[in-house]
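**Student:** Quick one: the structure is below, questions incoming.
The values are calculated or read from the model by the stated rules, or taken from the named source; none is laboratory data. Keep in mind that what you see is a predicted model, and the values were worked out from it rather than measured. Neighbour counts are summed over all protein chains in view; Cβ atoms, including those assigned to glycine, are modelled from backbone coordinates with ideal geometry. The accessibility values were calculated without ligands, DNA or RNA, using every heavy atom of the protein model including side chains. Shrake-Rupley method; radii C 1.70, N 1.55, O 1.52, S 1.80 Å.
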Amino acid sequence: MPAPLRILTIIGARPQIIKAAAISRAIANHPKGQVVETLLHTGQHYDANMSQVFFEELGIPAADINLNVGSGNHGAMTARMIEGIEQVLLKKDHDVVVLYGDTNSTLAGALAAAKLNVPIAHVEAGLRSFNKRMPEELNRIACDHMSTWLFCPTETAVLNLEREGFRRSIGARPSIDHPLIDLSGDVMFDNSTWFAGISDRRSGLLSELRLPSDGFVLATVHREINTDDPVRLNAIFRSLLALNQEHALPVVLPVHPRTLKCMESLLDTEVLKTLRSNPSFHLLPPAGFLDMIALEKHARLVVTDSGGVQKEAFFFDRPCIVLRAETEWVELVQQGQAVLVNADEKLFAEAAQLILEKDARSYPRIFGDGHAAERIIGRLVSDLG
Ligand code: UD1
Ligand code: UDP
């Protein structure tokens, strides 16, 4: 029997743990012994409801290694991760490193692996916001340029890479100097498709909160540009309160730990008091993925600055207000299913009004066929096996 393909998967932040579920599932479905995965958790997210809950709900094998690098400034956090990942890779036990998205854990994995000549497979390659003030944009550009396999979720991602000099056809074995672009589809679409039925059976959150289907707003806010800027943070919460009051729609907001800290220190006292005393404004701890799907499936409107939540709203045919000036998921805006309002109260109110006047629609399927993870594993096995 040929030697198995040995993958080191690096995860750290909530969305990466969720994405890794799709790849781990594809590995488990592969013929036994052909692919062996080691899961390395950097520890970037560490609260039980930001990390452990996803392993339990999504059936992800326990992490083999946890570097316990949580919190800190970008440089310090990334440096400690690189050190830990390098120690693992120096043992030469892995043929490829799989990285997801654009967090500091992604960047650390890319630098450690590329310097040791271990090839990198980047899942969610090619996305660009064209805003280099966001740490994520720097992380994703750097990672793409150190990768051997660029697994793109959308055609736009492929075009972004071509603009930076990557080629669709390389005529050689993939390597860091001849990276391969693969339009694999989106592993998050795989997950939403796979877990939607399980969420229907297991999530009781809607009935617990007495939320009418199609009659509430789901909101998430966690981006550094929004949480750490008092003007933006206050404008966002004032907009959500106005939406709640003027349209008589309950708001559900599972609060990211970063946001909780900033709300307490940066929100105007009056705004915070109104939020906390309002029985139809549900400030919750971070939700598990099955509850999150239930909320996304049944919301009348989704308001978010999250990359993942924007897309999941789209997967479940829900309109979305995006609390940013730009997005990597440009298709959603171009097609009209998402509206960019930045942190502008007037734009927010206008967008909400227009969305709420329209009837429900069903959105096109542009993120693959729900089997991106199998395609990714199949490609790695055929190129490296
Ligand atoms: C990170 C990613 C961001 C991603 C987000 C997903 C980077 C640069 N940013 O942002 O791209 O969208 O994850 O959620 O990698 N905290 C806790 N408990 C936790 C995790 C975080 O209390 O389990 C608090 C800490 O105060 C921490 C702060 O949140 O300092 C920020 O966490 P960090 O991982 O640095 O960045 P995120 O804002 O979560
Ligand atoms: N998510 C979750 N619970 C929450 C908020 C988000 O399970 O309370 C999920 C969400 O469904 C999506 C992913 O986390 O799959 C998105 O992560 P996040 O918004 O933290 O980061 P981003 O996608 O912006 O990097």
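**Student:** With no solvent and one equal point scatterer per Cα, compute the Debye intensity ratio I(q)/I(0) for the chain at 0.15 Å⁻¹ and report its log10, rounded to two decimals.
**Tutor:** -1.40
**Student:** How much length is gained on full extension from Asp64 to Glu270, taking 0.36 nm per residue of separation minus their Cα-Cα distance?
**Tutor:** Values: separation 206, 0.36 × 206 = 74.16 nm, distance 4.65 nm.
Full-extension gain reported as 69.5 nm.
**Student:** Return the Cα extents of the stretch 172-238 along principal axes one, two and three, sorted largest first, each rounded to a whole Å.
**Tutor:** Largest first, the stretch 172-238 extends 57, 41, 16 Å along its Cα principal axes.
**Student:** Using a 1.4 angstrom probe with every protein chain in place, what is the largest-first accessible-area order of Tyr46, Tyr363? Don't jump to the answer; show the numbers that get you there.
**Tutor:** Working: Tyr46 130, Tyr363 30 Å².
The residues order as Tyr46, Tyr363, largest area first.
**Student:** Rounded to the nearest Å, what's the spacing between the alpha carbon centres of the stretch 11-28 and the stretch 96-128? Just the number, please.
**Tutor:** Cα centroid to Cα centroid, the span is 14 Å.
**Student:** Check the straight Cα-Cα distances from Lys273 and name the lysines below 23 Å, setting aside those fewer than 8 residues away within the same chain.
**Tutor:** Lys261, Lys346
**Student:** Follow-up. Given a 10 angstrom Cα cut-off, can you work out which residue in Ala121, Ala21, Ala79 is the most mobile in a GNM of the chain?
**Tutor:** Highest fluctuation among the options: Ala79.
**Student:** For the stretch 147-224, give the magnitude of the charge dipole about the Cα centre (Cβ charges: +1 Lys/Arg, -1 Asp/Glu; no others), in debye to the nearest 20. Could you put the intermediate results ahead of the total?
**Tutor:** Working: 8 positive and 11 negative charges, 19 e Å.
The calculation lands at about 100 debye.
**Student:** Applying 1/(1 + (r/R0)^6) with R0 = 30 Å to the Cβ-Cβ distance of Arg6 and Glu350, what FRET efficiency is obtained, to the nearest 0.05? Kindly include the intermediate steps, with their values, before the conclusion.
**Tutor:** On the way: r = 53 Å, r/R0 = 1.77.
Using R0 = 30 Å, I get an efficiency of 0.05.
**Student:** Taking amide H positions as placed in the peptide plane 1.01 Å from N, state which residues far from Gly59 in sequence (5 or more) or on other chains have amide H under 5 Å from it.
**Tutor:** none
**Student:** Another one. Given a Förster distance of 30 Å, report the FRET efficiency between Asn131 and Ala242 from their Cβ-Cβ distance, rounded to the nearest 0.05. All intermediate terms of the calculation are to be shown ahead of the outcome.
**Tutor:** Working: r = 27 Å, r/R0 = 0.89.
Approximately 0.65, to the nearest 0.05.
**Student:** In Å², and per residue, what accessible area does the stretch 345-385 have when probed at 1.4 Å with the other protein chains present?
**Tutor:** Dividing the accessible area of the stretch 345-385 by its residue count gives 59 Å².
**Student:** Straight-line reach only, C-alpha to C-alpha below 21 angstrom: list the lysines that Lys19 could link to, leaving out same-chain residues fewer than 8 apart.
**Tutor:** Cα-Cα hits under 21 Å: Lys297, Lys311.
**Student:** Right, something else. Hey, got the dipole for the chain? About the Cα centre, +1 on K and R Cβ, -1 on D and E Cβ, debye to the nearest 20?
**Tutor:** On the way: 38 positive and 47 negative charges, 76 e Å.
Here the chain has a charge dipole of around 360 debye.
**Student:** Now for a different question. With labels modelled as points extended 7 Å from the Cα through the Cβ direction, what inter-label distance (nm, one decimal) is found for Lys32 paired with Gln334?
**Tutor:** It is 4.7 nm.
**Student:** What relative contact order, as a whole-number percentage, does the chain give when Cα pairs under 8 Å and 6 or more residues apart are counted?
**Tutor:** Numbers: 722 pairs, mean separation 61.1, N = 385.
Reported as a whole number, the value is 16 percent.
**Student:** Classify the stretch 67-156 from the C-alpha gyration tensor, please: rounded if a/c falls under 1.5, else prolate or oblate depending on whether a/b exceeds b/c. Don't jump to the answer; show the numbers that get you there.
**Tutor:** Numbers: a/c = 2.39, a/b = 1.19, b/c = 2.01.
Oblate, because a/c is 1.5 or more while a/b does not exceed b/c.
**Student:** Here's a follow-up. So, for the stretch 28-147, what is the accessible surface per residue at a probe of 1.4 Å, expressed in square angstrom?
**Tutor:** Numbers: 5230 Å² over 120 residues.
Per-residue value: 44 Å².
**Student:** Provide the convex hull volume over Cα atoms per residue for the stretch 1-111, in Å³.
**Tutor:** Convex hull volume per residue, Cα atoms: 89 Å³.
**Student:** For the Cα atoms of the chain, what angle does the longest principal axis make with the long axis of helix 104-115, in degrees from 0 to 90, nearest 10?
**Tutor:** 10
**Student:** For the stretch 220-270, with equal point scatterers placed on the C-alpha atoms only and solvent neglected, what are the log10 I(q)/I(0) values from the Debye formula at q = 0.13, 0.30 1/Å, to two decimals?
**Tutor:** Per q value, in the given order, log10 I(q)/I(0) is -0.29, -1.21.
**Student:** Let me ask something additional. Between Thr78, Thr156, Thr269, which gets the highest mean-square fluctuation from a Gaussian network model of the chain, Cα cutoff 10 Å?
**Tutor:** Comparing Thr78, Thr156, Thr269 in the GNM, the peak value goes to Thr269.
**Student:** Order these peptides, 3-13, 252-262, by their mean beta-carbon neighbour count within 10 angstrom, highest first. Let's see the in-between values first.
**Tutor:** Numbers: 3-13: 22.7, 252-262: 19.3.
Descending mean neighbour count gives 3-13, 252-262.
**Student:** Ignoring solvent entirely, what values of log10 I(q)/I(0) come out of the Debye formula for the stretch 291-380 at 0.13, 0.19, 0.24 Å⁻¹ when each Cα is a single scatterer?
**Tutor:** The Debye formula, applied to the Cα set alone, gives -0.45, -0.87, -1.25.
**Student:** Between Asp228 and Arg365, with labels modelled 7 Å along Cα→Cβ, what's the label distance in nm to one decimal, could you check?
**Tutor:** It is 4.1 nm.
**Student:** So, with a 1.4 angstrom probe, what is the percent of accessible area on the chain that is carbon and sulfur? Don't skip to the answer; put the middle values down first.
**Tutor:** On the way: 8480 of 16140 Å².
That fraction is 53 percent.
**Student:** Taking amide H positions as placed 1.01 Å from N in the peptide plane, with prolines and chain starts having none, which residues 5 or more places from Val252, or on another chain, fall under 5 Å of its amide H?
**Tutor:** Under 5 Å from the amide H of Val252: Val217, Leu218, Ala219, His282.
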